[in-house]
Amino acid sequence: MKNSKIEELTNLFKAGNLEEAEKQTLDALKINADSSELNFLLGDIYSKEQQWGNAANQFRKVRELDPKNKEAETRIKMISAIFNFFNPDQFNP
């Protein structure tokens with residue numbers, strides 16, 4: 001995958017055009033499923049959309065493709081913290 005395409009997709013994401021960024025990233029992954037950069041970007045898109053399960057799966061895929069990717073590990077831990085959040089006041093009005 002050319003860096004210019006990844007840059008283009010990243011710019012769509014940063015501009016807040018999540019729907020188009022997601023669509024184009026998924027299309028790019030059909031061609032290059034083993035791109036850790038594309039999988040990471042899709043994880044970021046899913047995170048921004050609060051699709052936590054999908055985001056976690058993408059970051060796990062990145063870790064599988066690139067075991068030394070510390071940022072993917074950090075994102076997985078962050079999502080786990082979101083899943084494990086517990087507020088006792090929520091149950092004690």
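The values are calculated or read from the model by the stated rules, or taken from the named source; none is laboratory data. Fair warning: this is a prediction, and the values are worked out from it, not measured in the lab. FYI the Cβ positions are ideal-geometry reconstructions off the backbone, even for glycines, and counts take in every protein chain you see.
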Region 21-46 - residue that is more than 17 Å from ARG75 (Cα to Cα) and of a type in the set (Asp, Glu) and, of those, nearest to the chain's Cα centre (by Cα):
GLU22
Specify which of the listed residues (GLU22, GLU64) is assigned to a helix (DSSP H, G or I), among the charged types (D, E, K, R), at pLDDT 95 or above and buried (at least 16 other Cβ atoms within 10 Å of the Cβ).
GLU22
Give the residue that is modelled with the highest pLDDT, with candidates limited to residues of region 72-88 that are over 16 Å from VAL62 (Cα atoms) and either in a loop (DSSP other than H, G, I, E, B) or of a type in the set (A, V, I, L, M) (or both).
ALA81
Out of region 30-62, which residues are of a type outside the set (A, V, I, L, M) and farther than 19 Å from PHE83 by Cα?
LYS30, ASN32, ASP34, SER35, SER36, GLU37, ASN39, PHE40
